[in-house]
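Working notes, beginning with the structure itself.
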Amino acid sequence: MRILLIGMLVCLGTGTAAAQPGATGPVATLNAEAKALSETDPERSLTVALEALAAARAAGDVRGEAEALNYVAYGYRNQSLLDIAKQNAEDSIRLSVSLGDAWGEAQGYNTLGLIEADAGRFPEALEAHLKALAIRERTGDKEGLSYSYNNLGNAYRNIGEYETALEYHAQGLALKIELGNRSSEAYSHHNMGLVYFAMGRFPDALAAYRRGMAIREELNDPRGIAVALNAIGQVEVQTDPAAALRTYAQALALRRQVGDTRGEMATELNLGDVFRRIGNVAGATAAFNRALTMAEEIEAPLMRSNALRSLAELEAARGDYQAAYAHQLQYQQVRDQMFNQENAERLQRLQVAHDTDRQQRQIRLLEQEGALRTAELTQVRTTRTALAAIALLVLVSLALLYGRFRLKQQSEARFRAQAEALSEALDRVNALKGLLPICASCKNIRDDNGYWTQVEAYVSSHSAAEFTHSICPSCAERLYPEYLPAPGARTP
């Protein structure tokens, strides 16, 4: 049952996004019409897209040509002409890259991812959707991001990464609600239901399907209603196979009415599964063979593999082991082509590359913030350094001024001391200047008060000089001749 589910809606995805922003003129009008019809009337959408392509080439409108090629690719994809669809999508990408048109390039990768998923080339599908996501994240295209998130959710569901699928669908749903895109919102609810169903969470799946179907009924979208009915039938078959048969019959009728071959094929597979459950082998065999025939006609390998496996299981259950073995071999060959070791490794590399790219973008943002903070810190440090230098200069200046003041004080003190000493010396010198009255006989000196004093007393009182007494040779000869040595005698 899980394999049938994956096959049923691997092609389900809103991917065309809005028409080229700011585009005007006849080509832009046709492109906008092709886009509007892409989900409700795929055949008419393709016709209008081809008209837009011819008009763009006639007018030399390369940008309009690139957009028209994208809608042509989408139209061929809806008709299951996947090789032609892929070529047009790649041409659209090539022209958009040559123009430097990021919006158109992302659109092209988005459509290419849907085509690759329909063909069962899941690594290529994931790679294309991741490229579209990276461009839209870089350009801030919210509407485009909502589609990329949705399609990445489908891609991860197809490879069994259910939690990752739910995360992407939740992001896409939030953006679609914010933008008011009701039709695309219905797709997100439905795709989340697919993930819940694959996880075995049937009540959650049924609730999500019904939310999506209510929006499609509101928008009168028969193709979308058929999609919702088919999914609801898958939940009903778990408890009420008869109700599931009725629901599938409604879905099948709507899909035939709108010409949805891929949807019709998925419903046939689901009908066959119900018939098998209730023991209607003939009905189951007929439904599985109708699905297998359609899968071979439109080259849908995933659907073909699901039909082959169902037939192998059915034939084994009724004892036709030879037919069962033949169908099982065919099934295995188809699956091996889609899920070989190289693809598994490539899926892993793509996921690692995407995670690395996202981390690098976050690192660059953090580095930019860090650079701003570093610049602010550098400015603060520079200011602090300048203030510190100024403060140091002020302190040095104050220290020099204080030192100069202290030197001046010391110099003045030395000067005063020297002046005082000089003054005292002058005073002493002045005290012995002038005419001194002295006795011609005894040599006493008359002082200022008229008293006569010995010369040594006078000098001692008027200077710092002190006297010691001795006797000169003349006085000694005169006064004490007897004590003097004889002339010519040697003094011992």
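The values are calculated or read from the model by the stated rules, or taken from the named source; none is laboratory data. Every value quoted in this text rests on a predicted model; they were computed, and no experiment measured them. Cβ sites come from the backbone with ideal geometry, for glycine too, and all protein chains shown count toward neighbours.
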Regarding Thr267, is this residue among the hydroxyl-bearing types (Ser, Thr, Tyr) and either surrounded by fewer than 23 Cβ atoms within 10 Å (Cβ to Cβ) or within 43 Å of the chain's Cα centre (by Cα) (or both)? yes
All conditions in (1) farther than 30 Å from Glu137 by Cα; (2) at pLDDT below 70; (3) out of contact with any His (no Cβ under 8 Å at 6 or more places or on another chain) are true of Tyr402 except (2)
Any idea which of (1) touching a residue at least 24 places away in the same chain (Cβ under 8 Å); (2) more than 46 Å from the chain's Cα centre (by Cα) is the one Arg304 doesn't satisfy? (2)
Considering only the stretch 291-301, state which residues are at pLDDT below 80 and over 13 Å from Gly263 (Cα atoms). Glu299, Pro301
Answer with yes or no whether Lys176 is charged (D, E, K, R) and either closer than 30 Å to Ile298 by Cβ or in contact (Cβ under 8 Å) with a residue 40 or more places away in the chain (or both). yes
Checking Thr267 against (1) in a loop (DSSP other than H, G, I, E, B); (2) in contact (Cβ under 8 Å) with a residue 24 or more places away in the chain, only one condition comes out false. Which one? (1)
When the residues of the stretch 47-64 are narrowed to those that are touching a residue at least 24 places away in the same chain (Cβ under 8 Å) and surrounded by 23 or more Cβ atoms within 10 Å (Cβ to Cβ), which ends up nearest to the chain's Cα centre (by Cα)? Gly64
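The rows are residues; the columns are (1) of a type outside the set (S, T, N, Q); (2) outside the structural domain of Asp260 (by TED's automatic domain parsing); (3) buried (at least 24 other Cβ atoms within 10 Å of the Cβ); (4) touching a residue at least 60 places away in the same chain (Cβ under 8 Å).
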residue	(1), (2), (3), (4)
Ala89	yes, no, yes, no
Ser98	no, no, no, no
Thr111	no, no, yes, yes
Ser146	no, no, yes, no
Thr164	no, no, no, no
Within the stretch 314-327, restricting to residues that are more than 30 Å from Lys86 (Cβ to Cβ) and surrounded by 18 or more Cβ atoms within 10 Å (Cβ to Cβ), the one that is modelled with the lowest pLDDT is Ala324
On the basis of being over 23 Å from Pro42 (Cα atoms) and assigned to a helix (DSSP H, G or I), does Lys86 make the cut? no
If we keep just the residues of the stretch 148-162 that are free of Cβ contacts under 8 Å to residues at least 60 places away in the same chain and under 27 Å from Val237 (Cα atoms), which is surrounded by the fewest Cβ atoms within 10 Å (Cβ to Cβ)? Gly160
Being in contact with a Leu (Cβ under 9 Å, 6 or more places away or on another chain) and surrounded by fewer than 20 Cβ atoms within 10 Å (Cβ to Cβ) is the filter here; which residues of the stretch 291-313 pass it? Ile298, Glu299
Please determine, by comparing only the residues of the stretch 179-219 that are in contact (Cβ under 8 Å) with a residue 12 or more places away in the chain and either aromatic (Phe, Trp, Tyr) or not in a helix (DSSP H, G or I) (or both), which one is nearest to Thr239 (Cα to Cα). Phe202
Condition test on Arg428, is it surrounded by 10 or more Cβ atoms within 10 Å (Cβ to Cβ), modelled with pLDDT under 70, part of a helix (DSSP H, G or I) and touching a Lys or Arg at 6+ places or on another chain (Cβ under 9 Å)? no
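Table: residues versus (1) under 20 Å from Arg255 (Cβ atoms); (2) touching a Leu at 6+ places or on another chain (Cβ under 8 Å); (3) buried (at least 24 other Cβ atoms within 10 Å of the Cβ).
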| site | (1), (2), (3) |
| --- | --- |
| Glu178 | no, no, no |
| Arg182 | no, yes, no |
| His190 | yes, yes, yes |
| Gly200 | no, no, no |
| Leu206 | no, no, no |
| Arg211 | no, no, no |
Could you grab me the full set of residues in the stretch 217-258 that are of a type outside the set (A, V, I, L, M) and closer than 19 Å to Asn289 by Cα? Asn230, Tyr248, Arg255, Arg256
